[in-house]
Amino acid sequence: MLKRILTIACGVALGLCLAAGLATGVARLAVALGILPDSDISHAASYVRDVMSLVSENYYDPQKAAAPELAKAALHGMVESLDPHSDFMDAKDFASLNEDMGSEFGGIGAQVESRKGRVYVVSTVKDSPSERAGIRGGDEIVSIDGAKLDKPDIDGVVGKLRGEPRTKVAVGLFRMSEKREFTVTLTREKIKTQSVTNVRVLEGGVGYVRIEQFTERTGEEFFDALRQLADKNATSLIIDLRNNPGGILESAVDVADPFFKKGELIVYTQGRAPADRGEFRGESDEKPITVPVAILINQNSASAAEVVAGALKDTGRAVIVGERSFGKGSVQSVYNLNNGDGLRLTTARYYTPGGETIHEHGVSPQVEVVLTPDEDDNIAMQLSRPELADAPAAFKERFETAPVPDRQLQAAVGVLQGVTSLDRWEPRDPPPDHPAAADKDATAAHP
């Protein structure tokens, strides 16, 4: 019976949160958003308060039945039952979200990966504590603050390496090339990560840029990438959004903006009420970029990545190559709660300029190139380690498989090279004795 009552309590978790006193702000937010009227909140709170008292007084483990524990469990159940993208976050998880979206965190500036039960440094961030200490890609991390790593979990290692700026961490390393183990003590700093990577010019003057996710600095980084490609005389552009899970909507708009005229609609959002419509339009006074553009997407391209792909496809500014995208077209608003906790709540859906919804539909490619699961995994590894893409032996040593041709990228290059060839072609006047020349003269004589 108590189990059934506890289940009911989770189902009406808002009342439980009120009774616990930890979610008053959430309740007020619900009323402010019009989710529940005051009377419904009061009735739910009254009912669940009684259930909470029953559970707290009778459950055999008083620690598990403490009001704060029950309230937080109920908060998770209440919000996360709405949809897969809404969630309640405790202070630790909320801080981690803010770090990811802000492109910066306190740490040592080293990218690490797990390989056969060991943790290795992949690369160091320029002018970071790791780079200045001489840490190299390939160094194995064997200890942190004197504690040996035994069957390390990669998330746990990253958590120990990160921390507040100006705090110290001792990192034990083993360098195979020198067959020696050594320890460096580093002072953590604010580390800025790059969301726009692998900027280069491919054969035929095709510019290439990969966007890994959309963070606060993605727009600025993308503009820098465009300038680099312009300096290298790129004549077309590939934007690789494969495996991009999304991120900040405004950053997606920033990426699309250079291709749109000022005032032109890029994307709009629609909330629960007709008045809850938000429009994002071009803001640049500069002339739009008009070079041929191809966008690479796959089934893991989602959210903000789909905003960019959908906007440029809808307006005829890009050719979409690859596979149908994920179909996550909803907008999550983030709210600060008490005690450092946070709430991520779906408040709207977004639509392409032509009014097409992306949610549960995705963006379909105009040039479909479907990869096998094995190809998908292999290409994902190539994208994660671009420095190994042109080093097959090193790639095989690292991943125990040879790199496969990237058929989606090849298709995008082919499309753009065909377009730029057409752009460069200028028809010549026919020879004087050609029938078309007579037609031309006749047309000129009789306008």
Original post:
Tally time: how many residues in the range 224-235 are in a helix (DSSP H, G or I) and either within 28 Å of Pro84 (Cβ to Cβ) or in contact with a strand residue (DSSP E or B) (Cβ under 9 Å, 6 or more places away or on another chain) (or both)?
Top reply: 6
Original post:
Take the residues of the range 226-245 that are surrounded by fewer than 23 Cβ atoms within 10 Å (Cβ to Cβ) and in contact with a Ser or Thr (Cβ under 8 Å, 6 or more places away or on another chain): which is farthest from Tyr351 (Cα to Cα)?
Top reply: Thr235
**OP:** Kindly indicate whether any position in the range 429-440 is outside any helix (DSSP H, G or I), modelled with pLDDT under 80, out of contact with any strand residue (DSSP E or B) (no Cβ under 7 Å at 6 or more places or on another chain) and among the charged types (D, E, K, R).
**Re:** yes
**OP:** Of the numbered conditions (1) without any contact (Cβ under 8 Å) to a residue 40 or more places away in the chain; (2) buried (at least 18 other Cβ atoms within 10 Å of the Cβ), Ile191 fails exactly one; give the number of that condition.
**Re:** (1)
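For (1) under 19 Å from Tyr208 (Cβ atoms); (2) surrounded by fewer than 17 Cβ atoms within 10 Å (Cβ to Cβ); (3) of a type in the set (Phe, Trp, Tyr); (4) under 20 Å from the mean Cα position of the chain (by Cα), each residue gets a yes or a no:
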residue: Ala294; (1), (2), (3), (4): yes, no, no, yes
residue: Ser303; (1), (2), (3), (4): no, no, no, yes
residue: Ala311; (1), (2), (3), (4): no, no, no, yes
residue: Phe326; (1), (2), (3), (4): no, no, yes, yes
residue: Asn339; (1), (2), (3), (4): no, yes, no, no
residue: Pro353; (1), (2), (3), (4): no, no, no, no
residue: Ser364; (1), (2), (3), (4): no, yes, no, yes
residue: Ala391; (1), (2), (3), (4): yes, yes, no, no
Subject >> Selection count where residues are touching an Asp or Glu at 6+ places or on another chain (Cβ under 7 Å) and either over 19 Å from Leu82 (Cα atoms) or not hydrophobic (A, V, I, L, M, F, W, C) (or both), scope the range 331-357 >> reply: 7
**OP:** State yes or no: is Glu69 modelled with pLDDT under 90 and part of a helix (DSSP H, G or I)?
**Re:** yes
Original post:
Quick one: in the range 202-225, which of the residues that are closer than 20 Å to Val321 by Cβ and surrounded by fewer than 20 Cβ atoms within 10 Å (Cβ to Cβ) is nearest to the chain's Cα centre (by Cα)?
Top reply: Leu202
**OP:** Could you grab me the full set of residues in the range 383-392 that are aliphatic (A, V, I, L, M) and part of a helix (DSSP H, G or I)?
**Re:** Leu383, Leu388
Original post:
If you scan the range 236-270, which residues turn out to be in a loop (DSSP other than H, G, I, E, B) and at pLDDT below 95?
Top reply: Asn243, Asn244, Pro245, Gly246, Ile248
Original post:
For the range 392-418, how many residues are touching a helix residue (DSSP H, G or I) at 6+ places or on another chain (Cβ under 8 Å) and not hydroxyl-bearing (Ser, Thr, Tyr)?
Top reply: 10
Subject >> Single residue of the range 393-415 satisfying the filter (of a type outside the set (A, V, I, L, M, F, W, C) and in a helix (DSSP H, G or I)) that is surrounded by the most Cβ atoms within 10 Å (Cβ to Cβ) >> reply: Gln408
Original post:
Hey, among Ala66, Ala71, Ala91, which residue is surrounded by fewer than 16 Cβ atoms within 10 Å (Cβ to Cβ) and touching a Gly at 6+ places or on another chain (Cβ under 8 Å)?
Top reply: Ala91
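The values are calculated or read from the model by the stated rules, or taken from the named source; none is laboratory data. Remember, predicted model here, so these are calculated numbers, not experimental data. All Cβ positions, glycine included, derive from the backbone under ideal geometry; neighbour counts span all protein chains shown.
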